[in-house]
Structure formats: structure tokens, C-alpha cells
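Below is one structure, written out as C-alpha cells, with a few remarks after it.
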Amino acid sequence: MRLLALTLLLAATPALAQTPAPKSQSCVNRQSVRTITPVSPGLLRFEMNGRTDYLNKAGLGCDYNPDFDTLIDKPVGGGASEICAGDVFDIVDREIHAYHGSCSLGDFTPIAKPPRPAAHNR
């Protein structure tokens, strides 16, 4: 049984190796962004309207907590219509209005959204 599983895995490996990696892009449309959620220190998930979300490696100094903080955008590259690599978000405490850091964005790597649960008809 183990030999069969290993054989099947090895047979599938070339197909997996040929799957192209998603291409990063330098900007996303500002109006398509629904929310920005921290995944881990320095990694932000841009949840978009549409089928694709994006991960952005913003760097370790990006210590954003959406429960307490607000991100204030300072566009550099894309102007008013886009959020781009190189743009900086200031991190401001929502309650005391104190600045306590910033996030300098990197490229946007597309990720597929998880499928939505099917609606039940009643």
C-alpha cells in the first residue's frame, strides 16, 4: 500500500512542478479593497471585492492590530486610484490618536479566496 501511495505521489510530482506560481503585481485598485487584515508580523492580507485576495509582505516594523489601530495611507506610487508597492501606511492608535509605526508595502501576491458556503434554500 505504501509503495502504491509513493508511486502515485511521484507520478503527480511533474504536474505539480509545472503549475505556475501566481504572479505578483505592484499595485491593486484602491476601490476594490474591502479590508486589510494582519496575517503575521509584517504580512498583510488585502481582502478584495472579487475572486482574488492579495498578500503583502510589509516588513517586520508593520505592527498593525485592527482591533485598536487605524491605517492611514500615504500614497507614493499609484496616486489616488491605486495602492502600490512603496506606499506607506501610518499606524495610529484609534483611542488615543497616537502614531506608533508604519508599514511600507511590498508587491502584492495573489491568493485564491476560500469557497463560500452554499446557500440553503428553505
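Multiplying the residue separation of Gln31 and Arg51 by 0.36 nm and subtracting their alpha-carbon distance yields 5.7 nm. Computed from label points 7 Å out along Cα-Cβ, the spacing between Val76 and Ser24 is 1.4 nm. Given the stretch 22-112 reduced to its alpha-carbon atoms as identical point scatterers, what log10 I(q)/I(0) does the Debye formula return at q = 0.22, 0.24 Å⁻¹? Reported log10 I(q)/I(0), two decimals: -1.11, -1.30.
Along the stretch 60-72 the Karplus relation, 6.51 cos²θ - 1.76 cosθ + 1.60 evaluated at θ = phi - 60°, assigns HN-Hα couplings of 5, x, 8, 9, 9, 10, x, 6, 10, 10, 10, 9, 10 Hz to successive residues, with x for each Gly and Pro. Net charge of the neighbourhood of Arg94, taken over other residues with C-beta under 11 Å away and scored Lys/Arg +1, Asp/Glu -1, is -4. Charged neighbours of Pro66, selected by a Cβ distance under 14 Å, balance to -3 (K, R count +1; D, E count -1). Other residues with beta-carbon under 15 Å from the beta-carbon of Ala80 carry, at +1 per Lys or Arg and -1 per Asp or Glu, a net charge of -1.
Exposure proxy shown here: for Thr52, Thr35, the number of other Cβ atoms within 10 Å sets the order, fewest to most, as Thr35, Thr52.
Any read-out appearing in this document is the output of simple, stated calculations on the displayed coordinates, not a laboratory observation. Since this is a predicted model, take the numbers as computed values, not measurements. Cβ coordinates were reconstructed from backbone atoms using ideal geometry, including for glycine residues, and neighbour counts include every protein chain displayed.
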